[in-house]
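Right, one structure below, let's go through it.
We did not get these values from a lab; they are worked out from the coordinates using the rules stated. All values reported here derive from a predicted model rather than from experimental measurement. Cβ atoms come from the backbone with ideal geometry, glycine included; neighbour counts cover every protein chain shown.
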Amino acid sequence: MMTHVEPWVVLAFCAAIFFIGFAGVLIRRNILIVLMSIELMLNAVNLTFVTFSKQLHHLGGQMSVFFIITVAAAESAVGLALVIAMFRTLRGVDTDQIRLLRE
Amino acid sequence: MEISPIFFYLFAGVALAASAMVILKRNPVASAFSLVMVFFAFAGIYALLDAHLIAAIQILVYAGAIMVLFLFVIMLLSADVPSFDLRRAHPVARAVGGVLSLVLFGFFVWAFKNSPSPAPLGNFTAENIEAAGGNSRVLSELMFSEYILPFELTSVLLLAAIIGAVAIAKRKQSLPTEGRRK
């Protein structure tokens with residue numbers, strides 16, 4: 001029975017979640033899903049920080065995660081306010097509707 | 001690392017499946033609830049990695065505050081009509097998104113697997129943290145001594161975010177207030 005997981009497996013899992021979020025930002029057009037994908041990427045980076053914090057016996061990684069979570073909360077508050085403003089102007093939440101500068 | 005493989009692979013599988021559902025579901029509400037699953041699975045992995053304070057904050061801030069914000073906005077905009085915009089996406093954009101993600105993911109796995117394991121930077125081993133009073137206590141003491149400046153700057157950031165969110169989302173008045181009072 002195994003009692004430990006190799007660190008690179010945990011880091012590869014973080015990379016998988018990060019690139020699922022990355023693909024979501026690239027292929028989806030609903031801006032709410034794009035914001036959720038950004039949250040996924042932030043979470044993957046947080047888990048990378050915690051993994052290295054455990055591997056290196058240093059708590060700087062966990063402190064960074066604390067500040068990243070705060071910045072992510074601020075970012076999603078401002079981002080969702082921008083979504084509301086966008087819906088009010090364009091009556092939609094698709095990113096390909098944002099072409100006010102082209103007209 | 002000395003963590004339980006059963007629970008790690010359980011949480012990792014849940015997180016991978018739920019995050020794939022976040023980007024593939026048609027309905028934004030379904031995506032939001034899949035995202036809640038991802039956040040809970042991540043909190044479980046943080047707890048496995050002895051980051052208890054981060055696990056608690058993850059559930060409180062992400063699964064609590066941020067997801068409530070997302071659901072409020074989805075319901076406020078009544079944007080929960082299913083729209084499978086994935087199929088409308090440009091084929092080149094889809095191909096580039098998928099292939100680029102897979103290639104970069106493979107590169108990351110290769111890099112993580114083949115890099116030598118780094119030497120420990122500090123002395124915060126699990127035993128030392130346990131002897132000093134546990135993860136939350138050690139982290140809180142660090143937060144209010146070594147990291148006090150970023151902690152205080154965070155409050156400025158949150159204030160700016162509050163003011164910014166209210167200013168952006170506020171409905172613009174079409175008439176000046178004096179004119180309306182007459």
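With the highest mean first, a sort of the peptides B:39-47, B:96-104 on other beta-carbon atoms found within 10 angstrom per residue produces B:39-47, B:96-104.
Can you put A:E39, A:E103, A:E6 in order, fewest other beta carbons within 10 Å first?
On the way: A:E39 22, A:E103 4, A:E6 14.
In order of increasing Cβ crowding within 10 Å: A:E103, A:E6, A:E39.
Pairs of Cα atoms in region B:1-130 fall into 10 Å distance bins, from 0 up to the last occupied one, in shares of 11, 26, 34, 21, 7, 1 percent. Quick one: if the Förster radius is 30 Å, what FRET efficiency do B:S140 and B:F72 give, using the C-beta to C-beta distance and rounding to 0.05? Efficiency, rounded to the nearest 0.05: 0.45.
What percent does the relative contact order of chain B come to when contacts are Cα pairs within less than 8 Å and at least six residues apart? Could the numbers behind the result be given before it?
Details: 96 pairs, mean separation 31.8, N = 182.
Here the relative contact order equals 17 percent.
By average Cβ neighbour count within 10 Å, what is the ranking of A:60-66, A:20-26, B:2-8, B:66-72 from highest down?
Details: A:60-66: 21.6, A:20-26: 23.1, B:2-8: 14.4, B:66-72: 17.4.
Highest mean packing first, the order is A:20-26, A:60-66, B:66-72, B:2-8.
Here, P(r) means the percent of Cα pairs in each 5 Å bin from 0 to the largest distance; for the protein assembly as shown it is 1, 5, 11, 15, 16, 15, 13, 10, 6, 4, 2, 1, 1, 0, 0, 0, 0.
How much length, in nm to one decimal, is gained on full extension between B:A119 and B:L149, taken as 0.36 nm per residue of separation minus their Cα-Cα distance?
Details: separation 30, 0.36 × 30 = 10.80 nm, distance 2.81 nm.
Length difference between fully extended and current span is 8.0 nm.
Straight Cα distances below 12 angstrom link B:K25 to the aspartates and glutamates B:D80, B:D85, with same-chain residues fewer than 8 positions distant left out. Each Lys or Arg adds one and each Asp or Glu subtracts one; over the other residues with Cβ under 11 Å from the Cβ of A:M36, this totals +1. Each residue of region B:59-68 was assigned a 3J(HN,Hα) from its phi angle through the Karplus curve 6.51 cos²θ - 1.76 cosθ + 1.60 (θ = phi - 60°); the sequence is 5, 5, 7, 6, 5, x, 5, 5, 5, 4 Hz, with glycine and proline shown as x. A straight chain from B:A30 to B:L60 at 0.36 nm per residue would run longer than the Cα-Cα distance by 8.8 nm.
Spatial offset of region A:1-50 relative to region B:1-61 amounts to 10 Å, using the alpha carbon center of each. Placing +1 on the Cβ of every Lys and Arg and -1 on the Cβ of every Asp and Glu, with no other charges, gives chain A a dipole of roughly 260 debye about its Cα centre.
Here the simple spin-label model places points 7 Å from the Cα toward Cβ, and for B:R94 and A:R91 these points are separated by 2.8 nm.
Any idea what the relative contact order of region B:1-83 is, in percent, if you count C-alpha pairs under 8 Å spaced at least 6 apart?
Working: 78 pairs, mean separation 26.4, N = 83.
That works out to 32 percent.
Placing +1 on each Lys and Arg Cβ and -1 on each Asp and Glu Cβ, with no other charges, gives chain B a dipole about its Cα centre of roughly 1460 debye.
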